[in-house]
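Computed from the coordinates by the stated procedures, all read-outs in this text should not be read as laboratory data. Here the structure is a predicted model, which means the values were calculated and not measured. Cβ placement follows ideal geometry from the backbone for every residue including glycine, while neighbour counts extend to all protein chains displayed.
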Amino acid sequence: MSILQSSKSPSAGESLGDYVKRMRLSLGFNQKELAKIAEIHMQSLGKIERGMTTKLSSHSKSGLATALQVPVEYLEAVCRGVPIVAVTQLKFCAPCWTPGKPSEPLWMEARAKHCFLCGAALRDRCAHCQEMVTSLKHRFCPFCGNGYKSEVVAESHSE
Ligand SMILES: [Zn+2]
Ligand SMILES: [Zn+2]
C-alpha cells in the first residue's frame with residue numbers, strides 16, 4: 001500500500017500550528033499576508049501557529065485552505081490528528097459529478113476504478129495540470145484554475 005505523500009500533506013504527528021506555519025513559510029508569506037488572504041485575524045492566525053487554537057471554525061478552515069493552497073481535508077485531518085491517508089484520494093466521475101457536490105461514496109471506494117453509474121474511468125487528478133484533486137468543494141482546480149469537470153479542450157482565447 002502506498003501512502004500518498006507530498007510536501008503539502010501534514011506529516012505524521014505534525015500539529016495544526018506547525019503545519020500551518022510550514023505551509024505559510026513554504027509559500028513565503030508572513031503572518032500578516034497569510035491572515036489577509038485567508039480573511040482571518042492575524043491574532044487568530046498567531047494563536048493557531050502557537051498551538052493555542054486547535055480547532056478551526058469553518059470560516060478559518062476554508063480561508064486557510066484557500067490561502068495555503070491545501071485541501072480543507074488536510075486541515076481537518078491535522079486538527080483531528082488523524083493520518084492523512086485516511087482522508088486522501090478523492091476520486092470522481094467527471095461526466096456524472098455535479099460541480100460543487102461532494103464525491104459519491106462509491107467513487108471513493110479504494111478499489112473503485114470506474115463509475116458505478118456510467119462506467120467511465122474515475123479521475124483523481126486534474127485533467128489539465130495533473131495535480132491531485134484535493135477538494136470537490138471547489139469546482140475549479142486550485143493549481144491551474146481549470147474546471148474539474150471540463151475535459152481537456154483546445155485552449156480558448158476568450159478573455
Ligand atoms: Zn459516471
Ligand atoms: Zn489543474
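Nearest 10 degrees is fine. How inclined is helix 16-27 to the longest principal axis of the chain, computing both from alpha carbons? Between helix and principal axis, roughly 70 degrees.
Ordering Leu45, Leu56, Val72 by the projection of their Cα atoms onto the charge dipole of the range 16-86, which places +1 on the Cβ of Lys and Arg and -1 on the Cβ of Asp and Glu, puts Leu45 at the extreme positive end.
For the chain, what is the mean residue ellipticity at 222 nm derived from helices alone (per DSSP H run of n ≥ 4: -39500 (n - 2.57); sum divided by total residues; nearest 500 deg cm²/dmol)?
-9000 deg cm²/dmol
Taking 0.36 nm per residue of sequence separation and removing the Cα-Cα distance, the Thr66/Ala121 pair yields an extension gain of 17.0 nm.
Using only side-chain charges placed at the Cβ, +1 for Lys and Arg and -1 for Asp and Glu, the dipole size of the chain relative to its Cα centre rounds to 380 debye.
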